[in-house]
1. Restricting to the range 30-52, count the residues that are in a loop (DSSP other than H, G, I, E, B) and within 16 Å of ligand 2 (Cβ to nearest atom).
2. Could you list, in sequence order, all residues of the range 181-236 that are within 25 Å of SER147 (Cβ to Cβ) and in contact (Cβ under 8 Å) with a residue 60 or more places away in the chain?
3. Looking only at the range 109-137, count how many residues are away from ligand 2 (no atom under 16 Å from the Cβ) and either β-branched (Val, Ile, Thr) or out of contact with any Cys (no Cβ under 6 Å at 6 or more places or on another chain) (or both).
4. Do we have ALA170 as closer than 29 Å to GLN235 by Cα, of a type in the set (A, V, I, L, M) and free of Cβ contacts under 8 Å to residues at least 40 places away in the same chain here?
5. When you look at MET66, is it in contact with a Phe, Trp or Tyr (Cβ under 7 Å, 6 or more places away or on another chain), among the hydrophobic types (A, V, I, L, M, F, W, C) and surrounded by 21 or more Cβ atoms within 10 Å (Cβ to Cβ), yes or no?
6. Residues of the range 203-231 being under 22 Å from the mean Cα position of the chain (by Cα) and aliphatic (A, V, I, L, M), which ones?
7. I'm trying to understand the selection: among the residues of the range 271-290, which are out of contact with any Phe, Trp or Tyr (no Cβ under 8 Å at 6 or more places or on another chain), more than 15 Å from ligand 1 (Cβ to nearest atom) and part of a helix (DSSP H, G or I)?
8. Kindly establish whether MET226 is under 23 Å from GLY26 (Cα atoms) and within 16 Å of ligand 1 (Cβ to nearest atom).
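The values are calculated or read from the model by the stated rules, or taken from the named source; none is laboratory data. Remember, it's a predicted structure, so these values are computed and weren't measured experimentally. Using ideal geometry, Cβ is built from the backbone for each residue, glycine included, and neighbour counts are taken over all protein chains shown.
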Amino acid sequence: MSSGPKHFLDLDLFDTQTLRHILDLGAAFKRGAGNPAPAAGKILAMIFEKPSTRTRVSFESGMKQMGGDVIMMAAGDTQLGRGETIADTARVLGRFVDAIMIRTDDPAKLTEMAAHAGVPVINGLTDSSHPCQVMADVMTFEEHRGSLAGKTVAWIGDGNNVAASWLHAAGHFGCAIRLACPASLMPSATAVAWARARGATVELTSDPAEAVAGAHLVMTDTWVSMGCKDANRHQVLAPYQVNEALMAKADASALFMHCLPAHRGEEVTDAVMDGPQSVVWDEAENRMHVQKGILSWCLA
Ligand code: CP
Ligand code: NVA
């Protein structure tokens, strides 16, 4: 990575060694072995242009546990909501705070923020990716099953922002990834190409059974991501529900993950969410631990 602020923008911008280091930092924080106050005296500004429960609270708790503090900014309550540019907002915030987390729609806003803030900028989700989530997912898989190398991951449903970050993870961590999505909701071609160029096996299908056959991790996400205005998705995605019958086709050791919030009875059934293969609560908890790793890396 270039010199200057240590941004956490997207997994495809990192070398694997740095991501490994961040995961190890997160695991150490979880064990209580991390530097106790790497954020002492530091302030994180959090800008939300979309709703959030996990991202907001995990960043806030993580930052406070590391001795730092946060400023929460709902975009509509700031001058961003009245047309001040991202670049000008970044220039000002960078004079007040030590890092900025932004959740927004257009990834160009993220890169504009990073170009002008002069302090680390962290991607808290855009329409194109959700790298903090997928770092937590990788951490969760490793805790339960060890290395992802040589494993097969199945993504079922909408080929969305989380799926794109999982394609990046496959390019880094040596797992094969199969995505079963309707033809109209296939994942980012750029992310697919990036993962393949890194040597990952990426299979695209419209058949959920084909994707989960023998898989070691099955994942899905909401059928209607934040900001999506397509009302016809439920019909198109109905065959992509993760239920017990579909899970039964995966490897016997398969885990189920969902970034949450889940829409029970739509993309996933109660039986799977609450069943023995589900690790969704560990996955949610790990958002905080891995973000402590991300924050301590950014702030170092
Ligand atoms: N998974 C996730 O990012 O959840 P929130 O939208 O609640 O932050
Ligand atoms: N794909 C979902 C993830 C929510 C955490 C969305 O963008 O709304």
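1. Quick first cut of the range 30-52, residues in a loop (DSSP other than H, G, I, E, B) only: 32-42, 49-52.
Applying the additional criterion that residues be within 16 Å of ligand 2 (Cβ to nearest atom) yields 49-52.
Adding up the residues that qualify gives 4.
2. Correct list: ALA191, TRP194, GLY214, ALA215, HIS216, LEU217, VAL218, MET219, THR220, ASP221.
3. Just the residues of the range 109-137 that are away from ligand 2 (no atom under 16 Å from the Cβ), to begin with: 111-121.
After this cut, where a residue has to be either β-branched (Val, Ile, Thr) or out of contact with any Cys (no Cβ under 6 Å at 6 or more places or on another chain) (or both) as well, the list is 111-119, 121.
Going through the range 109-137 one residue at a time, the tally reaches 10.
4. Working: closer than 29 Å to GLN235 by Cα: no; of a type in the set (A, V, I, L, M): yes; free of Cβ contacts under 8 Å to residues at least 40 places away in the same chain: yes.
Against the criterion (closer than 29 Å to GLN235 by Cα, of a type in the set (A, V, I, L, M) and free of Cβ contacts under 8 Å to residues at least 40 places away in the same chain), ALA170 does not qualify.
5. Details: in contact with a Phe, Trp or Tyr (Cβ under 7 Å, 6 or more places away or on another chain): no; among the hydrophobic types (A, V, I, L, M, F, W, C): yes; surrounded by 21 or more Cβ atoms within 10 Å (Cβ to Cβ): yes.
Judged against the criteria, MET66 is not a match.
6. Scanning the range 203-231 gives LEU204, ALA211, VAL212, ALA215, LEU217, VAL218, MET219, VAL224, MET226.
7. The one that is out of contact with any Phe, Trp or Tyr (no Cβ under 8 Å at 6 or more places or on another chain), more than 15 Å from ligand 1 (Cβ to nearest atom) and part of a helix (DSSP H, G or I): ALA271.
8. no
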